[in-house]
Amino acid sequence: MHAAESSFSLEVARTAARLVVEDGLELGRAKRRALEQLGASERTPLPDNKAVEEAIREHIALFCADTQPEELRALRVLALEWMERMQRFRPHLGGAVWQGTATRHSDIYLQLFCDDPKSAEIALIDQGVSYASATVRGLHGQPVEALSVALPNSTGGERVGLHLLIYDHDDLRGALRAGSDGRAPRGNAQAVRKLLMEPMT
């Protein structure tokens, strides 16, 4: 990659990072919005997720270091509460709340691995929980059903989006495979409890 291309890719990553942190956009949408804001063509090569995640950590360190740890902890506590509520569906936490880059603008993404794809939906109905259903991109880019719930947030008073992505039980093994950086892409309730025991930085 030429120096100019590398510099522009970094600018896209930093712009996308700001959109993720300040507006709560997902990585893919933030990168596309960054191209728009920078006046670049839609065909411009996008930085990879790792580059954007590094830029997110830099942005948080520069602008949110005094508030982000508490906001992240509140989201992880809320995620764990719902993992315990949906325990029989083998919930795993992913996204920014798992990776440690979430702020009060971030949503919670739980992957459920169900023997019956309708069982999680029935559980929400039985618990009297209102939800919206949609089809989204899931593991390996395949379409999956997502059940979305609006939750109160203990920090900032804003509502938090909880998204329950419904997978087949057999998908669980592949979902736990470590990424190219060696980090687990998601964790179960035990792993989230361990994160909550770590000191806030």
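The values are calculated or read from the model by the stated rules, or taken from the named source; none is laboratory data. Everything numeric in this text was worked out from a predicted model, so none of it was measured. Counting neighbours? That spans all protein chains shown, and the Cβs are built from the backbone with ideal geometry, glycine included. Calculation scope for accessible area: heavy atoms of the full protein, side chains included, ligands and nucleic acids excluded. Shrake-Rupley method; radii C 1.70, N 1.55, O 1.52, S 1.80 Å.
Placing a pseudo-label 7 Å from each Cα along the Cα-to-Cβ vector at A184 and R57 gives an inter-label distance of 1.8 nm. Rounding to the nearest 20 debye, state how big the charge dipole of the range 1-64 is about its Cα centre with +1 on each Lys and Arg Cβ and -1 on each Asp and Glu Cβ. Its charge dipole is roughly 80 debye. In this label model, D23 and R173 are separated by 4.2 nm, measuring between points 7 Å along each Cα→Cβ vector. Assuming R0 = 35 Å, can you tell me the calculated FRET efficiency for the pair D126 and T67, based on Cβ-Cβ distance, to the nearest 0.05? Computed FRET efficiency for D126 and T67 comes out at 0.45. For a straight C-alpha distance cut-off of 12 angstrom, the aspartates and glutamates reachable from K50 (same-chain residues fewer than eight places away being disregarded) are D181. The simple Förster model, with R0 at 45 Å and r as the Cβ-Cβ distance, assigns T135 and S7 a FRET efficiency of 0.75.
Values (i) 44; (ii) 28; (iii) 32 are given for comparison; percent of Cα pairs over 27 Å apart, derived from the coordinates here, is the one labelled (iii).
Of V97, V149, V21, the residue with the greatest mean-square motion in the GNM of the chain, using alpha carbon springs below 10 Å, is V149. Each label point was placed 7 Å from the Cα along the Cα-to-Cβ direction; for E81 and S119 their separation is 2.5 nm. Per residue of the chain, what 222 nm ellipticity follows from adding -39500 (n - 2.57) for every DSSP H run with n ≥ 4, rounded to the nearest 500? Helices in the chain give a 222 nm mean residue ellipticity of -14000 deg cm²/dmol. On average, how much accessible surface per residue is there in the chain, in Å², for a 1.4 Å probe, leaving out ligands, DNA and RNA? Here the residues of the chain average 57 Å² of exposed surface.
Potential lengthening of the chain between T44 and Q142 amounts to 32.9 nm, from the contour at 0.36 nm per residue minus the alpha-carbon distance. Give, as a single signed number, the net charge of other residues whose beta carbon lies under 12 Å from the beta carbon of A30, with Lys and Arg counted +1 and Asp and Glu -1. Value of the local net charge: +1.
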